[in-house]
Amino acid sequence: MTKESVLRDNFGSRFGIIAATAGSAVGLGNIWKFPYVAGENGGGAFLLIYLFFVLAIGVPVMMSEFAIGRRGQKNAYGSFGVIAPGKRWNLIGLMGVVAAFFILAFYSSVAGWTLQYIVSSVSHSFAGQSIADLENTFNTLIVNPIKPVVWQLVFMVLTALIVLAGIKKGIEKYTKLLMPLLLLLIIVLCIRSVTLEGGKAGLEFLFKPDFSKVTAKTFLYALGQAFFSLSLGMGALITYSSYFSKKENLASTAVSVALSDSLIAILAGVMIFPAVFAFGIEPTCGPSLVFITLPGIFQQMFWGDFFGTIFFILLTS
């Protein structure tokens, strides 16, 4: 064991590992992207294909990344250099870092939108707005030349501060608290969404397979969504697993993370689609599904602005 590996901080508990690693996978990719991708590609049919790719490809790839990271005890670039010294396999790790950079470029922008929505919820800006008003609010935000950039920078600073705090005092500490809260709030929103008038049609849309919409691109989108949602090939899981203990069961951890991620993705659909049909929104209208339907749901709830504030905080984290 090298001096560097001895000095490295490690996760303090198995729950912390699951929460942090799942937190890397679970988030905007599930709640913001998954519902509208499913809506464009056959609903339940896409869901079946997606779950197949998660289990058949996602879990094995995740286990491989975990093994590389724990063995290398370094970031994605350095870990490949440890397991294959003198070779050029570390270029694979570098490609993952580059991929993560490009993903962060637009992911941080979407996260910036959620920060704006936190402020809007706190200030009761959504109160009394119709679905048309909420749609106009979202469109006004994304075309504004200044606000999205400012909130994107704020998100990057907050992220840097948490990362600088380290594993136990930063990432693990916050994800152990925030991940269970996010799951609990999503379940509450699911219950409220399915009780909206016309909401049952949304559940049918999500779970009833429409194979007439399945094309070759559907399989490509499902595979891409599985990789994106599970954070595969981005170097993040290799870096996280470099902080795993030698006793950690990689197979069990990979399955737990994949199942947690898939559960959140499905619950996100249950949360979104009933409200989409209840409010008369086109289910394939894109990212605005989250930023229009959810504020609409919150307005139908007691203490809606409070729940909206908490939800967008958790979503951003």
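Brief remarks on what is shown
- Peptide packing: for 196-208, 137-149, the average count of neighbouring Cβ atoms within 10 Å per residue gives the ranking 196-208, 137-149, highest mean first.
- Per-residue Cβ neighbour rank within 10 angstrom, fewest leading, ARG14, ARG70, ARG88: ARG88, ARG14, ARG70
- Each residue of region 111-175 gets 89 Å³ once the volume of the Cα convex hull is shared out per residue.
- Residues THR316, THR21, ranked from the fewest to the most other C-beta atoms within 10 Å, line up as THR316, THR21.
- Calculated Rg and Dmax of region 71-194 using C-alpha coordinates, Å: 19.7, 64
- Order of MET234, MET63 - criterion: other Cβ atoms within 10 Å of each residue's Cβ, fewest first: MET63, MET234
- Around LYS246: net Lys/Arg minus Asp/Glu count, Cβ-Cβ under 12 Å: +2
- Straight-distance crosslink candidates among aspartates and glutamates, where the alpha carbon sits under 20 Å from LYS33 and sequence neighbours closer than 8 are dropped: GLU135, GLU204, ASP210, ASP261, GLU282
- Estimated distance in nm for a label pair at ILE57 and ALA160, the labels positioned 7 Å out from Cα along Cα-to-Cβ: 3.6 nm
- Listed residues MET271, MET301, MET179, most fluctuating in the chain (Gaussian network, C-alpha, under 10 Å): MET301
- Above-threshold pairs, the threshold being 21 Å between Cα atoms, out of LYS74/LYS168; LYS74/LYS247; LYS147/LYS169; LYS74/LYS176; LYS147/LYS173: LYS147/LYS169; LYS74/LYS176; LYS147/LYS173
- Environment charge of ILE17, counting only residues whose C-beta is closer than 12 Å and scoring Lys/Arg +1, Asp/Glu -1: +3
- The share of alpha-carbon pairs in region 166-255 lying farther apart than 18 Å comes to 70%.
All of the numbers you see were taken from the coordinates with simple rules; none came from a lab. Because the structure is a prediction, the values reported are computed rather than measured. Heads up, the Cβs are rebuilt from the backbone with ideal geometry, glycines too, and the neighbour counts pull from every protein chain shown.
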